[in-house]
Amino acid sequence: MFPYAVLLTLSGSVPTLAAPGFLLATRAILLPRLRSLIAFLCALAALVLATQALASGRMYMGAAEDEGRNSDPAVAMAKMQLAKAAGFDTIRVSAIWEPGQTAVPADQLAALQAIGAAGDFLGIRIVASVMNFGSKTTPLTAAARTQFARFAADIVKRVPGIREYIVGNEPNLNRYWLPQFGPNGEDVAATSYTQLLARTYDAMKAADRNVFIIGGSLAPRGIDRPGTGRDTHSPTAFIADMGTAYRALKRNRPIMDGLSIHPYGENSSTPPTFAHLSGTSLGLADYDKLVGLLGKAFDGTPQLGSKLPIVYDEYGVDSQIPDGKRRFYGGREPATTKPVSEGVQAAYYRTALEMAACQPTVRGFLIFHVTDENDYNRWQSGVYYVDGTPKSTRAFVKQTMSEIRAGAFECAEPPVGTGTGGWSLATPADIAAADKIPTGLGGWILVNASSG
């Protein structure tokens with residue numbers, strides 16, 4: 001089975017492969033002899049099939065969504081049912097620590113227990129990010145790290161429905177962790193975060209040695225230079241510095257069972273296939289670079305490195321909101337967001353899921369949100385509108401996840417590059433026009449999008 005369409009471009013670019021249901025809009029040529037065309041397509045298929053392997057059906061797939069974290073069990077169940085209807089098998093929620101706390105406050109505990117129970121009932125894994133809310137509450141001292149660790153261990157003891165945790169959130173950004181740099185420009189954020197992760201790992205494992213603890217939760221980009229007004233570290237630098245800090249601890253045990261990263265594109269129009277061939281940013285197409293960084297940082301120590309499980313616990317693509325739904329939204333869309341059509345959102349999510357499923361050490365992939373946020377200044381990256389009705393994206397995401405779980409998707413060399421290479425996704429009119437073209441090529445389609 002070779003479930004792709006081939007489009008030949010006049011510009012001389014290589015033939016492109018489009019996932020089922022999505023065609024790439026480009027001008028195409030009609031070869032004068034059908035026999036020659038079929039021979040070419042068969043040869044191309046043979047080349048691609050040689051590199052294929054089945055995608056992993058073991059990767060969990062879901063969304064990062066706090067709407068279901070509600071102390072009212074009925075509200076928690078209703079929000080989780082939306083996730084279930086979308087085909088998600090995992091939901092990530094947050095648990096917020098504040099300085100001085102060594103146990104979970106009653107309101108947070110009730111909300112975490114409610115969503116844990118809803119997850120158990122619906123067969124949805126719950127992952128909790130235990131984090132400080134912002135850089136003003138960064139746990140920098142030994143006393144603060146101990147408080148944070150006890151807080152996290154208390155959740156493990158009192159919320160049996162949650163057995164997987166992420167420690168912290170984007171500690172390589174000044175929004176969540178300060179200071180980032182020391183007086184000589186050294187990375188003090190990675191050092192202090194690694195100390196927190198070690199203390200928390202030990203406390204949570206003491207509460208239940210079977211919980212799965214994830215470190216990192218890294219933002220995909222950073223500046224790596226102090227004094228810019230936005231002190232941040234790239235994930236490349238931060239992972240290397242975590243390795244240095246870990247070795248300095250001289251531990252005989254790990255500090256994490258997995259590492260998470262948020263592989264957002266530079267904006268929502270950036271395809272998941274965009275590879276950072278130079279520089280220090282990391283996206284979905286930079287998997288080999290990420291594995292190499294982990295290996296260099298930790299291989300040869302008690303901490304797994306190149307074989308460490310990876311979780312993409314936030315990946316989002318903003319979609320444009322149709323006129324009929326705009327009354328549910330407010331605020332102003334930042335010019336830097338560059339939202340895309342629902343068709344493109346669905347195509348990007350499909351490609352991202354397939355890419356992750358074909359990366360051997362990836363444990364999980366989470367879309368950022370089940371349901372949109374209602375502020376245009378935030379994220380419209382969910383598979384539901386704010387009013388709870390599904391976007392067209394939902395069906396395609398659900399189908400993709402079903403195919404991956406069933407082992408129906410085969411891995412091939414992805415069309416990774418540093419840009420779109422002249423590719424653009426078809427408009428609904430292009431797709432409608434293509435649907436009317438008789439193929440007669442055994443499932444292969446030669447598209448002339450200019451006719452649409």
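Some points to look at:
- Criterion: in contact (Cβ under 8 Å) with a residue 12 or more places away in the chain and surrounded by fewer than 20 Cβ atoms within 10 Å (Cβ to Cβ) - qualifying residue of Gly382, Gly330, Gly364: Gly330
- Flag for Leu173 being among the hydrophobic types (A, V, I, L, M, F, W, C), surrounded by fewer than 24 Cβ atoms within 10 Å (Cβ to Cβ) and over 22 Å from Leu366 (Cβ atoms): no
- Candidates in the stretch 294-353 are the residues that are in a loop (DSSP other than H, G, I, E, B) and basic (Lys, Arg); of these, the one that is nearest to Ala63 (Cα to Cα) is Lys338.
- Which numbered condition Lys325 misses (of (1) of a type outside the set (A, V, I, L, M, F, W, C); (2) closer than 24 Å to Thr361 by Cα; (3) touching a residue at least 24 places away in the same chain (Cβ under 8 Å)): (2)
- Checklist (1) more than 21 Å from Pro254 (Cα to Cα); (2) touching a residue at least 24 places away in the same chain (Cβ under 8 Å) applied to Val130, failing item: (1)
- Qualifying residue in the stretch 252-275 (condition: of a type in the set (Lys, Arg) and more than 17 Å from Ile214 (Cβ to Cβ)): no
- The set of residues in the stretch 68-113 being touching a Leu at 6+ places or on another chain (Cβ under 9 Å) and surrounded by fewer than 21 Cβ atoms within 10 Å (Cβ to Cβ) consists of Ser71, Met77, Gln81, Lys84, Ala103.
- Hits in the stretch 399-417 (condition: at pLDDT 95 or above and either over 19 Å from Lys84 (Cβ atoms) or surrounded by 17 or more Cβ atoms within 10 Å (Cβ to Cβ) (or both)): Thr400, Met401, Glu403, Ile404, Arg405
- Qualifying positions in the stretch 338-358 - surrounded by 18 or more Cβ atoms within 10 Å (Cβ to Cβ) and more than 13 Å from the chain's Cα centre (by Cα): Pro339, Val340, Glu342, Gly343, Val344, Gln345, Ala346, Ala347, Cys358
- Evaluating Gly422 against the criteria (1) under 24 Å from Gly283 (Cβ atoms); (2) modelled with pLDDT under 95; (3) not in a loop (DSSP other than H, G, I, E, B) leaves one unmet condition, (3).
- If the condition is being out of contact with any Leu (no Cβ under 8 Å at 6 or more places or on another chain), assigned to a helix (DSSP H, G or I) and surrounded by fewer than 19 Cβ atoms within 10 Å (Cβ to Cβ), then the stretch 260-290 contributes only Asp288.
- Residue in the stretch 385-398 that is surrounded by the fewest Cβ atoms within 10 Å (Cβ to Cβ), counting only those that are hydrophobic (A, V, I, L, M, F, W, C) and farther than 21 Å from Glu333 by Cβ: Ala395
- Among residues of the stretch 199-224, those that are free of Cβ contacts under 8 Å to residues at least 12 places away in the same chain and surrounded by fewer than 16 Cβ atoms within 10 Å (Cβ to Cβ), counted: 1
- All positions within the stretch 225-238 that are free of Cβ contacts under 8 Å to residues at least 60 places away in the same chain and under 18 Å from the mean Cα position of the chain (by Cα): Thr236
- If the condition is being more than 28 Å from the chain's Cα centre (by Cα) and surrounded by 17 or more Cβ atoms within 10 Å (Cβ to Cβ), then the stretch 141-157 contributes Ala144, Gln147, Arg150.
- Within the stretch 122-154, if we keep just the residues that are under 19 Å from Asp66 (Cβ atoms) and of a type in the set (Phe, Trp, Tyr), the residue that is modelled with the lowest pLDDT turns out to be Phe133.
- Residue within the stretch 176-195 that is surrounded by fewer than 18 Cβ atoms within 10 Å (Cβ to Cβ), within 16 Å of Gly258 (Cα to Cα), touching a residue at least 12 places away in the same chain (Cβ under 8 Å) and not aromatic (Phe, Trp, Tyr) present: no
- Ala429 falls short of the stated requirement of being surrounded by fewer than 19 Cβ atoms within 10 Å (Cβ to Cβ), modelled with pLDDT under 95 and either among the basic types (Lys, Arg) or closer than 23 Å to Arg125 by Cβ (or both).
The values are calculated or read from the model by the stated rules, or taken from the named source; none is laboratory data. From a predicted model like this one, the values you see are computed outputs, not experimental measurements. Every residue, glycine as well, gets a Cβ built from its backbone with ideal geometry; the counts of neighbours run over all protein chains shown.
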